[in-house]
1. Within segment 60-77, can one find any residue that is modelled with pLDDT of 95 or more, β-branched (Val, Ile, Thr) and more than 20 Å from ARG118 (Cα to Cα)?
2. Would you check if ARG93 is under 28 Å from THR19 (Cα atoms) and either outside the structural domain of ASP13 (by TED's automatic domain parsing) or surrounded by 15 or more Cβ atoms within 10 Å (Cβ to Cβ) (or both)?
3. Do we find a residue being acidic (Asp, Glu) and closer than 29 Å to ALA124 by Cβ anywhere in segment 58-73?
4. Does segment 89-126 hold any residues that are closer than 23 Å to ASP44 by Cβ, without any contact (Cβ under 8 Å) to a residue 12 or more places away in the chain and of a type outside the set (Lys, Arg), and which are they?
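The values are calculated or read from the model by the stated rules, or taken from the named source; none is laboratory data. Remember, predicted model here, so these are calculated numbers, not experimental data. Every residue, glycine as well, gets a Cβ built from its backbone with ideal geometry; the counts of neighbours run over all protein chains shown.
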Amino acid sequence: MSLPRHLITSEADGGLYDTRGPRLSKAVRPNYKMTHTHIETVADLKATLRAEKFAWPGGYPLYFLTDDGAALSFKTVREELRLIIDSIKNKHRDGWRVVACAINWEDAELYCAHTGERIPSAYAEDEAPAKCKACTEFFARYRCGCPNECDCPPNQGLCECDQ
């Protein structure tokens, strides 16, 4: 949704400003569009969603963290917004309460806990291995940092990847 021509958002403070009147120095709506690293209110969440899934400046990929440590993609947060808003408002500890937004610097194996979709990283993209469907589904559920020691698809001989 695009804003009317007389409204602008500030990259500096995230406020929404009306250019028609003499009060340009005061935001019509503070906290409108900015990335919050700590999300305490629904307004913080909405402002972060409006700021999009890449950090500014730099264009680094962002993702959300829930109170139980799970990673969620921007797509999932938009699709499950009602559940997440309810969890934030009522301080539920049900796995849907988003508490932070962070940059995925180098984790090529970071997956959305809800969809299993891989969350892009800033610097590990060239190193990210291609995964077959069995690996993608497995690592979306059970992240393992012990190659050759876990019960994941590559170690069971179920993997079609090059690993």
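1. Among the residues of segment 60-77, not one is modelled with pLDDT of 95 or more, β-branched (Val, Ile, Thr) and more than 20 Å from ARG118 (Cα to Cα), which makes the answer no.
2. Here the answer is no, as ARG93 does not meet what is asked.
3. In the first step, residues of segment 58-73 are kept if they are acidic (Asp, Glu); the result is 67-68.
Narrowing further to those that are closer than 29 Å to ALA124 by Cβ: 67-68.
Scanning segment 58-73, I find at least one residue that is acidic (Asp, Glu) and closer than 29 Å to ALA124 by Cβ, so the answer is yes.
4. ASN90, HIS92, ASP94
Residues checked against (1) modelled with pLDDT of 90 or more; (2) out of contact with any Phe, Trp or Tyr (no Cβ under 9 Å at 6 or more places or on another chain); (3) surrounded by 15 or more Cβ atoms within 10 Å (Cβ to Cβ); (4) farther than 29 Å from GLY69 by Cα:
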| residue | (1), (2), (3), (4) |
| --- | --- |
| LEU7 | yes, no, yes, yes |
| THR19 | no, yes, no, yes |
| LEU24 | no, no, no, yes |
| VAL28 | no, no, no, yes |
| THR37 | yes, yes, no, no |
| VAL42 | yes, yes, yes, no |
| GLU52 | yes, no, no, no |
